[in-house]
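Heads up: the structure comes next, in structure tokens.
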């Protein structure tokens, strides 16, 4: 009978177990394992665990799924910081997860009665579910304290057939598509009255339709030849080293390149651990490198123009010094600065006191003009910030230089997770991305997502390559974040309609018409 509620529902204890397993399966879709096909499977299992659940039970299932995923996904935090920050960040993200899956449970439970037709159940419900997931990712990516734009489903697909879709729809759009496919699969499972061949055909057809979208064509506007240097410097926040050691390591790794013809040299975040704008000796070293390479040098350092520290990138030219500066706009809370220090310190004073200085929030644009080549500059987690990437392209960046320092994370998954984000940004923007780290993972990624060159981790070396430039604008960059607002709005609007309709039905049942 059309409109009847689909009765499939696991016992609550089984839903909790499935959710716990689903979180681990979702994580397996990300680097380092990179079994990308498991990401939508993990999402589908989470949705399956929500079937028949109330809001309260959905919150529980979502919390378990979130903890399972996040505590595995960001385990790299424990390498130096220990268990408390790991569980605090994982717990916060799991609360977002719980809220998102909690309201999704309401839609999955009551939606088939609100939209009883096959079109409603198969056409509308998966869109609403995917929209709610996208809304949750979008909110947690920007809030609180600038958010944590890590762990989005789209970020599991850097080397999958779905990856090139980001040029059309962006990261939020790709997350929406993957969750939509997972939700459609679950809804097809709930339709036993439909012929099995029809259900399989709809599912396969949906995947085929998505994969039939052609890759965005890369349009080259020129080339530039660059050298990207990995100094293998122990440059972590908690490392003990003599001042100038990191600068020396990167200088030593650059010296073998003298004689190479390049347009510029790029070093990683904090490659000059002595600020050359305040140290004559450090400035002389950068002048020497720039002179011998006969090219500008882009290097990371810590600046302090007045009383505020900044995590900065300098465009350095011999004899002229820093001709342009980018100060990191999105410093990482609880790592590069301590928000509301007086409030948080009583909870873990020893850990809070580890953050001895607070970096300021930069206000300069993130574009360097390197002798006519416009380069977008991203420092570490900047590469995960959608808004900053859009600002690069709006500023006509022809290439993206992603400078990072992964020394605090050793050989954990963090550096390859970050490299996956860089690869997706190359596809999304149709730009070459140079991901250069102090210790790895360093790679040059072309606009079609291919690795042109890379360096082994914890090995000093350099990548010298002629790379394509582009000034084309992909649909994802043209639309901006409008698609994220659209699909999130569809999900939230569907949730409101579902709740309002359910409340009306309940009032009618209490006050029958005589």
(request) Please determine, in degrees from 0 to 90 and to the nearest 10, the orientation of helix 414-429 with respect to the longest principal axis defined by the Cα atoms of the chain, where the helix direction is its Cα long axis. (result) 80 degrees
(request) For the chain, find the longest principal axis of its Cα atoms and tell me its angle to the long axis of helix 38-50, 0 to 90°, nearest 10. (result) 40 degrees
(request) Using 0.36 nm per residue of separation minus the Cα-Cα distance, give me the extension gain between residue 357 and residue 504 in nm, one decimal. (result) 47.4 nm
(message) Compute the helix-to-body angle for 55-73: its Cα long axis versus the longest principal axis of the chain, expressed 0 to 90° and rounded to tens.
(response) 30 degrees
(request) Rounded to the nearest Å, what's the spacing between the alpha carbon centres of the range 49-121 and the range 275-335? Just the number, please. (result) 43 Å
(request) Can you check how the C-alpha radius of gyration of the range 397-490 compares to 2.2 N^0.38 Å, as a plain ratio? (result) 1.21
(message) I'm a student and want to see the number: the projected area of the Cα convex hull of the chain, averaged over all directions, in nm².
(response) 25.6 nm²
(request) Quick one: compute a quarter of the convex hull surface over the Cα atoms of the range 249-374 and quote it in nm². (result) 8.7 nm²
(message) Which of rounded, prolate or oblate describes the range 28-103 when judged by the alpha-carbon gyration tensor and an a/c cut-off of 1.5?
(response) oblate
(request) List the equivalent ellipsoid semi-axes of the range 391-447 in whole Å, largest first, each obtained as the square root of 5λ for an eigenvalue λ of the Cα gyration tensor. (result) 22, 10, 9
(request) Using only the Cα atoms, work out Rg/Rh for the range 324-441, with Rh taken as the Kirkwood radius, to two decimals. (result) 1.02
(request) Mind giving me the nanometre distance, one decimal, between the label points for residue 220 and residue 79, set 7 Å out from Cα along Cα→Cβ? (result) 3.5 nm
(request) Can you check what the Kirkwood hydrodynamic radius comes to for the range 222-473, Cα pairs only, in Å to one decimal? (result) 18.0 Å
(request) Would you please calculate the Kirkwood hydrodynamic radius of the range 169-225 over all C-alpha pairs and express it in Å, rounded to one decimal? (result) 13.8 Å
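Here, each number is a calculation from the coordinates, and none is a lab measurement. Keep in mind that what you see is a predicted model, and the values were worked out from it rather than measured. Heads up, the Cβs are rebuilt from the backbone with ideal geometry, glycines too, and the neighbour counts pull from every protein chain shown.
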